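Here the structure is laid out as structure tokens; the discussion comes afterwards.
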Amino acid sequence: MTYLDLAPATTALRLRPHEFQVTRGDLHHLPSRHIFRFAAEDDVRIDAVCDCSLLRASPEQARVFHAAYRQWHADYWRPQEINRHFASHFAPPPLWRRAAIWLLQRLLAQPHADKVPKPVGAPLQPVN
């Protein structure tokens, strides 16, 4: 049986990690739009609009690619996720939230009236 040679993808994963991302558990190669799904340790499924998806990878190359993926995920992707999440904690809030905070601060800063307001329809006191 003829197998798909995964060596170029493995090399790209190691040398150009920024070209890949994980979406919904699948590895995406952004320039080629190829999607790699790991069905098992030695089984990598490739989704592509071209004929690349017609051949399967050999179990040995699939193991090597999966090992490279795990290394990439630990060394590159996971730190990217953590840094992105950390940065989100310090991003300015959206406009609607800033407006709500401003309004709440204004309401809390209002001086409270010492007297209870008179009910509607109560007679007015004459001013001296």
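The values are calculated or read from the model by the stated rules, or taken from the named source; none is laboratory data. Since the model is a prediction, treat every value here as computed from it, not as a measurement. As a convention, Cβ positions derive from the backbone with ideal geometry for all residues, glycine included, and neighbour counts pool all protein chains shown.
Among (1) at pLDDT below 85; (2) in contact with an Asp or Glu (Cβ under 6 Å, 6 or more places away or on another chain), which single condition is Ala122 missing?
Among (1) at pLDDT below 85; (2) in contact with an Asp or Glu (Cβ under 6 Å, 6 or more places away or on another chain), Ala122 violates only (2).
Between a residue in the stretch 84-102 that is within 30 Å of Val22 (Cβ to Cβ) and any residue that is of a type in the set (Lys, Arg) and surrounded by 10 or more Cβ atoms within 10 Å (Cβ to Cβ), which pairs come within a Cβ distance under 9 Å, given they are 6 or more apart or on different chains?
Cβ pairs passing all conditions: Pro92/Arg98.
Can you pull out every residue in the stretch 1-47 that is under 17 Å from the mean Cα position of the chain (by Cα), crowded, with 16+ Cβ neighbours inside 10 Å and closer than 15 Å to Ala62 by Cα?
The answer is Leu27, and nothing else.
Which condition does Pro111 not pass, out of (1) in contact (Cβ under 8 Å) with a residue 24 or more places away in the chain; (2) over 30 Å from Glu19 (Cα atoms); (3) not aromatic (Phe, Trp, Tyr), if it passes all the others?
(1)
Pairs, please: C-beta under 9 Å, at least 6 apart or cross-chain, first residue without any contact (Cβ under 8 Å) to a residue 60 or more places away in the chain and in a loop (DSSP other than H, G, I, E, B) and in the stretch 33-56, second among the aromatic types (Phe, Trp, Tyr) and surrounded by 11 or more Cβ atoms within 10 Å (Cβ to Cβ)?
Leu55/Tyr3; Arg56/Tyr3
Scan the stretch 57-79 for residues that are under 12 Å from Leu6 (Cα atoms), part of a helix (DSSP H, G or I) and aliphatic (A, V, I, L, M) and report the count.
Qualifying residue count, the stretch 57-79: 3.
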